[in-house]
1. On full extension of the chain, what length is gained from Leu270 through Asp112, given 0.36 nm per residue of separation minus the C-alpha to C-alpha distance?
2. So between Leu495 and Ala50, what do we pick up on full extension, going 0.36 nm a residue minus the alpha carbon distance?
3. With each label point set 7 Å from Cα along the Cα-Cβ vector, what nm distance links Asn69 and Leu211?
4. Give me the distance between the Cα centres of the stretch 338-401 and the stretch 72-146, rounded to whole Å.
5. How much FRET efficiency would the formula 1/(1 + (r/R0)^6) give for His190 and Leu453, where r is the Cβ-Cβ distance and R0 is 45 Å, rounded to 0.05?
6. What order do you get for 214-222, 132-140, 381-389 when each peptide is scored by the mean count of other beta carbon atoms within 10 Å, highest first?
7. Heavy atoms only, 1.4 Å probe, whole protein assembly: order Phe544, Phe102 by accessible area, highest first.
8. How far apart, in nm, are the 7 Å Cα→Cβ label points at Arg380 and Leu523?
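The values are calculated or read from the model by the stated rules, or taken from the named source; none is laboratory data. Computed from a predicted structure; not experimentally measured. Cβ: placed from backbone, ideal geometry, glycine included. Neighbour counts: every protein chain shown. Surface areas here come from the heavy atoms of the whole protein model, side chains and all, with no ligands, DNA or RNA. Shrake-Rupley method; radii C 1.70, N 1.55, O 1.52, S 1.80 Å.
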Amino acid sequence: MTTDQPTALTSSLPAPRSAPGEQPAPAPDPAPRGGFLARAFGITALLSAAGSGLGLLRDLLLARYFGANQGTDAFLVAWTVPETAAPLLIEDAMSFLMVPAFALALVLREEDPDAPDPVRQLVRATLPWLLLALSGLALAAALGAPQLVELLAPGLPDPGLAVTCTRITAVTVLPFGVAGYLAAALRAHHRFTAPAGIYVVYNLGILAVLLALHAALGVRSAALGVAAGSLLMAGLLVGPFLRRLRGGPPGAGRGRRSRKALVLMPLALLPVGAFTLTRQSQVFVERYLGSALPPGTISHLNYAAKVSQLAMTAGILICTVTFPLVARALAAGDLATARDRVEKDLGQAAAVVLLGTAFLMACAPSVVSLLFERGAFGPRDTAATAAVIRVYSFGLPAQALIGVMIRPYFSLRPVVRRADDPRTEDGRRRLLDWYPAFVMVLGLAVTVVTGLLATPAFGALGLAAGNAAGITTTAALLLRGLVLRGIPLRLRRVLGGHGRLVAAAAGATVLGTAAAGLAADPLLSTLLGGLTVALAFAALGTGFGAREVRGPVLAAARVAGPARWILPGQSAGQAPNPPTLAEEGKRPHGQ
């Protein structure tokens, strides 16, 4: 394990604060921390939970109205367009590119407030071209719908319905891209409320159209709802974005020309886009192989994926809130702060996702029965979906860790750079730009091979197993790549903490499965299993010394218990002070 910076990185960033013998790099004004992070996470979590709840209601209505049949399979093939556009244009690629870009613009604004505003310069240089490109992509997707359907699901019994739905959902490309761009700008300014609300209005739009038109238009109403919801997403962010843009320094745009202006680097788009599209290709593999399986298989995979991804929501929210802080630290050359934040995010995200994974593995049958088993969705659909969820769950921790790691990785290569930055573009740096896409291709290859080998014997379970194996391979390789990129993670510390969390989750799964089996009623079974999983995870995590579990458990015990807990080195009556990041780095992990 090394903490040295790669040579290619040395010339592209200011000297890190932690570099011995060097002057500290100029840093932006201190970003809001502490209470701000808690409030931002709370707001984001609340609105994201509302959006996820509405999304679950959307899936429940789809299951109730249309079940799992050829019609839903056709719609889900069409839904591949917004499913691909959302991570590319909202959640992943656009965020990876534009949050660091706006973070750098804000750093330059703080360093030279009398110069022309770099934030407005960035918007003028990027937004018009983005709108033009998005309009072209939306038109191409609509015109090429027959070819897309044939490519994605050649065995579909009713391709005509899928083509119609695909042409409708192609509209989403433009508003999704606009929403992603505006959300990235607002998060870089530490404004999280409006970006967190986009999936609330998105799903409200889908639900409104679905409820009003499902009887008249069938599954086409769901496609129309997706298009309407995407327009609402973009509309929600326009006002807050314009207010932030107009709220720059009073002299912005009228001062002298700054030597610290921004230079656009369009080629930085390619590795980010390649990674995101390759990651999303796992869905294409499932659609392709699933189309040759019995009708309803694609729908079972979709319902299972939607439920499984709920376990990742809170984990991803952590790095969504902290990503602007990491990006600004890297823009200022503060690698030590960025490393500490990334390590903390990795541990917290793993703890949250592993708790959710244990719950899903223990309670999958009762959860699916409780949520979906009504109307056209029968017991056989419940059994098939629950089995897929349990297999999918093996890949959830890797999904969350990739979400944490990829953000700082691409922050070191934003789509803009300083005009006075004499960076060198050697071969090693260019190869490292493509490292995430390369390891994602390797993971996709594992997914394809596993799916091809396992699908004939295990059907949908084979596809789910391929998904879990491929994404886990990618996560392991990307963890090493983050160190190569220049963020000196303490890998032994990180992996040791994750090992403790995995052990706690495994024990909680065994105990939760036993408890869930004590009741036949789905609601009671879910409550028993979930409570057992939570208590077991807390107890085992604390006993194993997992810092991400032990800290909150002891804090809760101090608040709830009648007696004060006395920690090592703390005298009676002394208020406990949480360790700082620097102190935590000097202590054995979990102590």
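1. Gain in length upon complete extension: 53.8 nm.
2. Details: separation 445, 0.36 × 445 = 160.20 nm, distance 3.30 nm.
Gain on extension, Leu495 to Ala50, equals 156.9 nm.
3. That separation, rounded to one decimal, is 2.4 nm.
4. Using only Cα atoms to place each centre, the spacing works out to 29 Å.
5. Working: r = 48 Å, r/R0 = 1.06.
The computed FRET efficiency comes out at 0.40.
6. 381-389, 214-222, 132-140
7. The ordering from most to least exposed comes out as Phe544, Phe102.
8. 2.9 nm
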